[in-house]
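Enquirer: Here you go, one structure.
Here, each number is a calculation from the coordinates, and none is a lab measurement. Not measured: the values here are computed from a predicted model. Here the Cβ positions follow ideal geometry from the backbone for every residue, glycine too, while neighbour counts run over all protein chains shown.
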Amino acid sequence: MKLETLEKRVGILEDRMERLERLPDRVAGLELQIAQFREDVRGEFSALRGEMRESNGQLRAEMSALGGQLRAEMGELGGQLRAEMGELGGQLRAEMGDLGGQLRGEMRTLQDGLRHEMRALNNDTLTQMRILHEDVIARIGMLDRPGNKRGSASGSKARTKKR
């Protein structure tokens, strides 16, 4: 039994040795594949960088052109907006002028009515003042008449005594 095991062991070792002898060829093949892969990757990355630079330049050119167009449109719209604002401002000034004129007319009408009413009230007040003045004059005149108890000297003495 030991012999068979030894023969089996030797057979296994020989198989392993054969495989190990083939290993350097396989490793060399892998080295070649890895070197080729590196070259391919470098080439692809270089091509990708070139495409990105080209796309970047194109994108910048497009952005610049669109920026110019946008500025032109904004300038045009700004001019239109200024024109509309000027027109509306003129219309608003005209409306305000009309309303101001109407308001002044209404104020004059109210002023005239107020003046008329104030004159009428002033005349009423003057009339009442004249009536009161004439009444006071008439009463004073009655005081100075002879035979009037209030107007006589004895009447005023009597009043001072009563106090």
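Enquirer: Determine the dipole magnitude for the chain: charges of +1 sit on the beta-carbon of Lys and Arg, -1 on that of Asp and Glu, nothing else is charged, the reference point is the Cα centre, and the result goes in debye to the nearest 20. Can you show the working numbers first?
Expert: On the way: 29 positive and 27 negative charges, 742 e Å.
Charge dipole, the chain, about its Cα centre: 3560 debye, nearest 20.
Enquirer: Can you compute the helix-only [θ] at 222 nm over the chain? Use -39500 (n - 2.57) per DSSP H run of at least 4 residues, normalise by all residues, nearest 500 deg cm²/dmol. All intermediate terms of the calculation are to be shown ahead of the outcome.
Expert: Details: 2 runs with 152 residues, N = 163.
So the calculated ellipticity at 222 nm is -35500 deg cm²/dmol.
Enquirer: What translational diffusion coefficient, in µm²/s and rounded to a whole number, does the Stokes-Einstein relation yield for the chain at 37 °C and a viscosity of 0.692 mPa s, taking the hydrodynamic radius as the Kirkwood radius over Cα pairs?
Expert: Working: Rh = 31.5 Å.
The Stokes-Einstein estimate is 104 µm²/s.
Enquirer: Separate question: Evaluate E = 1/(1 + (r/R0)^6) for Q58 and Q36, where r is the Cβ-Cβ distance and R0 equals 22 Å; express this FRET efficiency to the nearest 0.05. Intermediate results must be reported in sequence, preceding the final value.
Expert: Values: r = 33 Å, r/R0 = 1.49.
The value I calculate is 0.10.
Enquirer: Against the longest alpha carbon principal axis of the chain, how many degrees, from 0 to 90 and to the nearest 10, is the axis of helix 153-162 turned?
Expert: Once rounded, one gets 50 degrees.
Enquirer: What does the extension gain come out to for D15 and E44, with contour length at 0.36 nm per residue minus their alpha carbon separation?
Expert: Details: separation 29, 0.36 × 29 = 10.44 nm, distance 4.22 nm.
Length gained, D15 through E44: 6.2 nm.
Enquirer: Continuing with the same structure: Which FRET efficiency value, to the nearest 0.05, do you get for I131 and L103 by plugging their Cβ-Cβ distance into 1/(1 + (r/R0)^6) with R0 = 45 Å? Let's see the in-between values first.
Expert: Details: r = 42 Å, r/R0 = 0.93.
That pair, I131 with L103, gives E of 0.60.
Enquirer: Find how much the distance from M96 to R82 grows on full extension, using 0.36 nm per residue of separation minus their present alpha carbon separation; answer in nm with one decimal. Walk me through the numbers on the way to the answer.
Expert: On the way: separation 14, 0.36 × 14 = 5.04 nm, distance 2.05 nm.
Taking M96 through R82 to full extension adds about 3.0 nm, to one decimal.
Enquirer: Set the Förster distance to 22 Å, then compute FRET efficiency between D25 and T5 from the Cβ-Cβ distance, nearest 0.05. Numbers along the way, then the final one.
Expert: Details: r = 32 Å, r/R0 = 1.44.
That pair, D25 with T5, gives E of 0.10.
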